[in-house]
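Step one of this worksheet: look at the structure below.
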Amino acid sequence: MGNKKHFGEEDRVLRFAVIAVAVLLLIAAIVVAGRMGNLREDSAAGEEKLEQMAKMNVQTNEIRIQELENARDSQDDQDTENQDPGSQESEDQDTGDQDKGDQSAEDQDAQGQDAENQDALSQGAEDPDITIRDSEEKKYTGNGHTGESKKKAARERFPGRTEDLPDLGRGLELLLGFLPVILILYHVLPGRLKDVVILAGGVLFYAWGEPAYIFLVFFSVLFNYMSGFLIAGALKEKKKARRRLIINIVANVGLLFAFRYGAPVLEGFNDIFQTEIRYRELPVPVGISFYTLQALSYTIDVYQRRVKVQRSLLDFAVYVTLFPRLIAGPVVKYKDMTEQLRGRKTSLADFGDGAFFFIRGLAKKLLLADAAGRIMDVVFAMEPGEMSVLSAWLGCLAFMFRIYFELGAFSDMAVGLGRMFGFEFRQNFAYPYMAESITDFWGRWYISLVSWFQNYVGLPLSGKRKTVRKDIRSILIVWMLIGLWHGASWNYILWGLYYGILLVVEKYITANAIQRIPGAVTRFFSLLLIMAGWVLFFSPTPGSALAYLGRMAGIGGSGLTDARGIYILMSNVVLWFTLIFCSTPLIFRLYEHFIYRGKRVRMVMNTAVYAVLFILCIVYMV
C-alpha cells in the first residue's frame, strides 16, 4: 500500500517532471561554468598580451633613445670638424651646455615613458618574479603584519589550506547586511514561511560565493529528493534498491570529483603519460564537499531503513541548503535532522546562546587564527637554507594553531547560527591538542566528518562478521578517503594513510602500553605525531614534507636559531601564550569561575564580554 501511495499516477508524472528539471539545471550549471572558464581564460590572455605589449614598448623606447644619442653624437662630430680652431674652445662650451639641456629633456621624456610602461605592467598583471627584499622589521613587524609578497611566497611554497574558507574581511557586507535581514524575516514570518526564508538565505549565500553554481545546488536537491523516492519504492527488491543507491552515489561523487579533482587528475595524467589532454579548471562551488556528504547521508539512510522518505521538497531543500554549516561543517546526518526540520522552536535563551557562539567563532577567526596565520606566512616565505630549527618549529606551531582556530571558528559560527534559527548542531572540536593518543585526538578533531566516514564507509566495509583483517582494511580505506576529501594531492592521501596506520598501531599493538604511561607523557608524544602530520598536510609534495621535517631536526637548515626566529618568538610572547591558553579547557573553566556566579551577574558580564569581542572583530574587519 505504501508503494502504491508513493508511486501513483500523479507521483509518476511529478517524478519525471522533477528529473527533467534537474537535468536542465545540471546542463545550465555546466554551460555557465564553462562560460566562466572562457571568460577567465580570455582575461588571462588579455593580461599576458598587455604585459608583452608593455615590454615591447620599453624595448622600443630604449632603442629610440639609443638612436637619438647616436645621431646627436654624429652631429656633434660633424660640427666639430667644420669649426675653426680659434673658436673651438668657446663653441665646445656652448655645445656642452646645449647637450646637457638636450640630455635633460630626453631623460625626462624617457622617464615619463618608463612611468607609463610601469603603469601598464601594474594594470596588466602581477609579475611573480618580482620580489621585495625588505629589512628585518619590514619582513615581520612587531604588530604582526606581513606584506602581500610574503603571503604569496608562503602560499606558493606551502599551499596547505583549510577547505575553501571565505575571507571574512571581504564579507563584512554579508555579516552586517545579509544575516540580520534573514534573521529578522525568519522570526517575524509565521509557520512554513520560516523555511522559505532559510531556503532563500541559502540561495543568497551561494550567490555571494559563486552565482553560477546555484543551478548545481538546485540539481543536488532535486536529484537526491527523487532518488529517495526511487530507493524507497524498491526496498522490497533488495538488488533493485541497491542498484538505484549505487547510481545515486556515483552521480553525487561524480559531480564532486569533476569540480574538485578533475583538473588535478588530468594534469597528473598528462605529466605521467606525456599526453596533452585539454581541460579547463573550474572554480570549486562553495560547500560542495559538505552538501554532497549530507545528500548521501539521506539516500543511504533511506536505503538502510533508518529514516522514512522525505515527501516535502521544501524540508529536504532546507536540509541540503542550510547555509550556516556549509562553509566548514559540521557535517550533519539526515537522521539527526529529521525531527528538527519540523516542529523546531526558538527561545530568547537559545537565540542569545547562538549569538554568543557566533561571536566566539568570529573572534577565534579574526583575533587568533589570522594572527597565527601571519606568523606562518613569514616562516613559510623563508628560503629553505635560511630556516633554522627554531623557525621551522615556530612555523609548524603557527600552522597547527591557525588551522585549529580557523576550522573551530567556522564550526562555532555554524552552531551559533543554527541555534538562532532553531537548529541544534553538535560541536565539531573538543580541545583536540589535549588528546592523550591519536585515537583520542580523532575523537576530538572534526568529530562530525570522522563520524560520517566511519558510519557510512567504515561499518559497511567491516561487515557483520568483523575480523582483524577486515577492520584494518576498513580503517586504512576510511582514512585514505578522509585525506582525499581534503584535496586532490598525494600529500593529503598520505596524510590520511599516516593517521590510518597510527590508529591501527594504537588499536592492536600499543593500546595497553598507552594506558600505563602517565597522561602528560602520552600527550606530549601525541602532539609530536600530530605536528608531523601537519607538516605532511601543508607541504606541496612528500619530498618537501621530508625536507621540512629535516629542518625541524636540524638537517638542511641554518642551524639551531636565527635572528628572525628569535624575533618572531620574543615579539609575540603574549600571542603564543594566548594561543596555547585558548587551546585548553582551562580558559572556559576560569571564565565559568569568575563569570557564572549568579544569574544576573552572568547575564551582564556575558553581554559585556561578547559585546567587546564583537566590536573588536568589526574594527578588525574594517
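Return yes or no: is V284 hydrophobic (A, V, I, L, M, F, W, C), surrounded by fewer than 21 Cβ atoms within 10 Å (Cβ to Cβ) and under 23 Å from F219 (Cα atoms)? Before you say what the answer is, go through the steps one by one.
Details: hydrophobic (A, V, I, L, M, F, W, C): yes; surrounded by fewer than 21 Cβ atoms within 10 Å (Cβ to Cβ): yes; under 23 Å from F219 (Cα atoms): yes.
Taking the combined requirement at face value, the residue satisfies it.
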(message) Restricting to the stretch 249-272, name every residue that is modelled with pLDDT of 80 or more, part of a helix (DSSP H, G or I) and aromatic (F, W, Y).
(response) F257, F259
(request) May I ask you to verify whether V217 is open to solvent by 60 Å² or more (accessible area, probe 1.4 Å), among the hydrophobic types (A, V, I, L, M, F, W, C), modelled with pLDDT of 85 or more and out of contact with any Pro (no Cβ under 6 Å at 6 or more places or on another chain)? (result) no
(request) Six or more apart or on different chains, Cβ under 8 Å: which pairs go from a residue in the stretch 496-520 that's more than 27 Å from H486 (Cα to Cα) to one that's among the β-branched types (V, I, T) and surrounded by 19 or more Cβ atoms within 10 Å (Cβ to Cβ)? Could you list them? (result) I514/T522
(message) Any residue at all in the stretch 394-408 that's over 21 Å from M531 (Cα atoms), in contact (Cβ under 8 Å) with a residue 12 or more places away in the chain and open to solvent by 40 Å² or more (accessible area, probe 1.4 Å)?
(response) no
(message) Among the residues of the stretch 427-448, are any at pLDDT below 90 and either open to solvent by 20 Å² or more (accessible area, probe 1.4 Å) or closer than 30 Å to L183 by Cα (or both)?
(response) yes
(request) Looking only at the stretch 488-507, decide whether some residue is closer than 26 Å to A392 by Cα, of a type outside the set (D, E) and not in a helix (DSSP H, G or I). (result) yes
(request) Could you tell me whether the stretch 469-488 includes any residue that is open to solvent by 30 Å² or more (accessible area, probe 1.4 Å), under 20 Å from the mean Cα position of the chain (by Cα) and small (G, A, S)? (result) yes
(request) Mind counting the residues in the stretch 326-384 that are modelled with pLDDT of 85 or more, open to solvent by 50 Å² or more (accessible area, probe 1.4 Å) and among the aliphatic types (A, V, I, L, M)? (result) 1
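Residues checked against (1) surrounded by 13 or more Cβ atoms within 10 Å (Cβ to Cβ); (2) more than 30 Å from T541 (Cα to Cα); (3) touching a residue at least 40 places away in the same chain (Cβ under 8 Å):
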{"position": "K239", "(1), (2), (3)": "no, yes, no"}
{"position": "N248", "(1), (2), (3)": "yes, yes, yes"}
{"position": "F257", "(1), (2), (3)": "yes, no, no"}
{"position": "G268", "(1), (2), (3)": "yes, no, no"}
(message) Of the conditions (1) closer than 30 Å to I300 by Cα; (2) surrounded by 16 or more Cβ atoms within 10 Å (Cβ to Cβ), A547 satisfies every one except a single condition; which number is it?
(response) (1)
(request) Return only the number of the condition from (1) within 30 Å of G418 (Cβ to Cβ); (2) open to solvent by less than 10 Å² (accessible area, probe 1.4 Å); (3) part of a helix (DSSP H, G or I) that Y225 does not satisfy. (result) (2)
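The values are calculated or read from the model by the stated rules, or taken from the named source; none is laboratory data. Please read all numbers here as calculations on a predicted model, not as lab measurements. Methodologically, a virtual Cβ is constructed for each residue, glycine included, from the backbone with ideal geometry; neighbour enumeration extends over all protein chains shown. What goes into the accessible areas is simple: the full protein's heavy atoms, side chains included, and nothing from ligands, DNA or RNA. Shrake-Rupley method; radii C 1.70, N 1.55, O 1.52, S 1.80 Å.
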